[in-house]
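Enquirer: Shown below is the structure under consideration.
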Amino acid sequence: MERSHHRHLIPALLCVCAVVPALPQAARAAPPIEAYGRLPGVELLRISPSGERIALIGVLGEERRLVVLSADNKLLKTGVVGENKVRDLRWAGDDHLLITISATVNLQLDFGHSYELDSVLHVGMNDKAPWSVFGNAHGIEPTVRGYFGAAEQGGQWSGYFGGITEARDAGGDFVFDHGYADLYRVDLATRKTALVAKGSGREHQWVVGADGTVIAHSEYNGTSGEWRMFVGPGTVNNHELIHKVSPTNDIDLIGAGRSAGSVLVLNRSGEADVAEEINLSEGKAQELFADNGVRGYRYDPVSRLLIGASLFEEPGELFFDRLPQARFAATRKAFPGLQVHLQSYTAGLSRMIVQTEGDGDSGTYWLVDIATENAMPLGYAYPAVKSADVGTTSVVKYQAADGLAMEGILTLPPGREPKSLPLVVMPHGGPMDVRDDLGFDWWAQAFASRGYAVFQPNYRGSSGVSAEFRRAGFGQWGKKMLSDIADGVAEIAKQHIVEPKRVCIVGASYGGYAALAGVTLQQGLYRCAVSVSGPANLLTFGVWQSNYYGYNNDTARYWRKLTGADPGGDSALRTISPALLADKADAPILLIHGKDDTRVPIEQSEQMAAALKRAGKIYEFTVLPREDHFLSREATRIAMLTAAVNFVQKYDPAQ
């Protein structure tokens, strides 16, 4: 697909005029690996509630820059965000931007543990300098623990944030004494901060209405597993509406419901995933989205009431009202053959920012204007990866050994016949509540550009299928989750698309664990393995998690349930720990790990490296300085991708 400046939307059908297919051309060299490893050229595009302003983060090397445009593409404001890791971007009205950034911080008072902490930078549309929420607030830690919306009161906008209130010591100085957040209102014009509700030593979620009223809140006790929901901001003189026990913290207060005085609660603690709208005055519950796989929930940017949900399956978005449903459907129709993701929108979806990706499209952001019937490109995620460089993707359906229906995403190398190809199998991280979908995956496309087919299996536990499919993953960390991956490879080989003796396994986080397990717990399947930030010794990883999060809480209980350690204890973890089975490794292994990883500490890869060295196995170890678990920096992301591709090419050349 050629890059066009505008796409005209035909009235009635809102259908994009077809782009003339490119004529056959001579074979061309693949883009350099850096073209795939670079951070996306633009990210986090957001339209203001009025639809008159668009904010985005542009990326050039390690530097991120905030750009604000008018709806007719005129530059209104720009500013340097620098090397800060930007996690989210939100509008509060049309005059205030809230940029969530994170940093790896070492807390020496907490046994030297490092944490990834969030802060929120306020950028106004006036000429005043940006400032950090809680940055200069006395008695509040300079970090943000949750954003609960913004509200306009008397012409002034306020944001609602979770903040950690400090205690006073004997000398009257403020000191940190716990990590539970209170709810604060921050005036976005004056920076003044006011306490709205206390956190009371438990995990809290608050629902703040469009007028700034706290209509409900939830409390979770990680020790007892008790989850309670109250009407109003606090427990005193407020009605307790729900009281349940969820040992692994599977109940969430999502936000407001479809009307004022209602909230949405997602309960995944039982036999099914149930989203219920709760009427706060009567306590009555109504189930929503019962037959849909929900990816996320959609809220009106002005009223902040629930208007629909984003779905894994067709039609992609589900709205309660017909008008936004029709507008999104028409927009999807305007980009035939591509995945269309709704990124941001005004009320009624009269203006939308969508991202397209897929065959021939490495990621394009568009402003869709229903009134003018036009779509204008706003930016490109991977501008150096042209249409001809994008490998085609398709869904592969298969059955696991126990009969469970599975599927995965297959990416084919551009310009090569899909026959007897070398394969890179790339299981996703998580492992639960994550999945791979059709579209442009920078890591998969990088391998495809070098002549490899890439298979991304959605093994049991992956999201977007059913509650039963999700529950089937518990206790199968190093068991059926692994065999699900191998079963998918066997299916592709049966179709003669790939050569079964030419397969490497590559992954990050749990995918990194699966790569290590694929050549230690399993035998004879893979020519090489690449693990990026993967757990290797589940015994020591469990101890680290307990030291990090605590021994008797929902995180520890979830970990035991996930790995199968509850019934089997240490013996169960020992039998599925690659570092304890390093002598069985039957293929070369590349270990890659970020030095600042706070999800899986680098000691996990260090322990694996030491075990492989003792066993006399072939391995390499690449350390990424200043990198976290999410590959947030461009230089280290390119370093990771280069090392991984070179390693696979070394032990399983594509040609």
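The values are calculated or read from the model by the stated rules, or taken from the named source; none is laboratory data. Quick caveat, the model's predicted, so the values are computed rather than measured. With ideal geometry, Cβ positions are generated from the backbone for all residues, glycine too; neighbour counts draw on all protein chains shown.
Enquirer: Sort out which residues of region 592-628 are touching an Asp or Glu at 6+ places or on another chain (Cβ under 7 Å) and either surrounded by 17 or more Cβ atoms within 10 Å (Cβ to Cβ) or within 18 Å of T642 (Cα to Cα) (or both), and write them in order of number.
Expert: G594, K595, D596, D597, T598, R626, E627, D628
Enquirer: Taking interchain pairs and intrachain pairs at least six residues apart, which have beta carbon atoms under 9 angstrom, with the first residue in region 121-146 and without any contact (Cβ under 8 Å) to a residue 40 or more places away in the chain and on the phi > 0 side of the Ramachandran plot and the second surrounded by 15 or more Cβ atoms within 10 Å (Cβ to Cβ) and hydroxyl-bearing (S, T, Y)?
Expert: G139/T165
Enquirer: Could you list, in sequence order, the residues of region 406-432 that are touching a helix residue (DSSP H, G or I) at 6+ places or on another chain (Cβ under 8 Å) and of a type in the set (A, V, I, L, M)?
Expert: Answer for region 406-432, where residues must be touching a helix residue (DSSP H, G or I) at 6+ places or on another chain (Cβ under 8 Å) and of a type in the set (A, V, I, L, M): M406, I409, L410, L412, L423, V424, V425, M426, M432.
Enquirer: Criterion first (in the same structural domain as A644 (by TED's automatic domain parsing) and farther than 19 Å from I618 by Cα) does T540 satisfy it?
Expert: Here the answer is yes, as T540 does meet what is asked.
Enquirer: Filter region 271-283 down to the residues that are modelled with pLDDT under 95 and surrounded by fewer than 18 Cβ atoms within 10 Å (Cβ to Cβ), then identify the one that is nearest to L241 (Cα to Cα).
Expert: Top of the filtered list is G283.
Enquirer: If you don't mind, there's one more thing I want to ask. Identify, from the list S350, S420, S394, the residue that is over 26 Å from D652 (Cα atoms) and not charged (D, E, K, R).
Expert: So the residue among S350, S420, S394 that is over 26 Å from D652 (Cα atoms) and not charged (D, E, K, R) is S350.
Enquirer: Also, quick follow-up: Just to confirm my filter: which strands (runs of 3 or more DSSP E) fall fully inside region 185-302 and include at least 1 residues that are over 26 Å from the mean Cα position of the chain (by Cα)?
Expert: Filter on region 185-302 gives 193-197, 214-221, 226-231, 240-245, 262-267, 274-279, 285-288.
Enquirer: Additional query: How many residues does region 618-655 hold that are touching a strand residue (DSSP E or B) at 6+ places or on another chain (Cβ under 7 Å) and not hydrophobic (A, V, I, L, M, F, W, C)?
Expert: 10
Enquirer: Further question on the same structure: Out of curiosity, is A22 modelled with pLDDT under 95, farther than 30 Å from S546 by Cα and aliphatic (A, V, I, L, M)?
Expert: The answer is yes for A22.
Enquirer: While we're here: Consider only pairs whose beta carbons are under 8 Å apart and that are at least six residues apart or on different chains; among these, list those whose first residue lies in region 347-371 and is within 21 Å of L89 (Cβ to Cβ) and whose second residue is part of a loop (DSSP other than H, G, I, E, B) and among the acidic types (D, E).
Expert: Partner pairs satisfying both residue conditions: A347/D300.
Enquirer: So, in region 575-591, exactly how many residues are among the charged types (D, E, K, R) and surrounded by 15 or more Cβ atoms within 10 Å (Cβ to Cβ)?
Expert: Total satisfying the criteria: 1.
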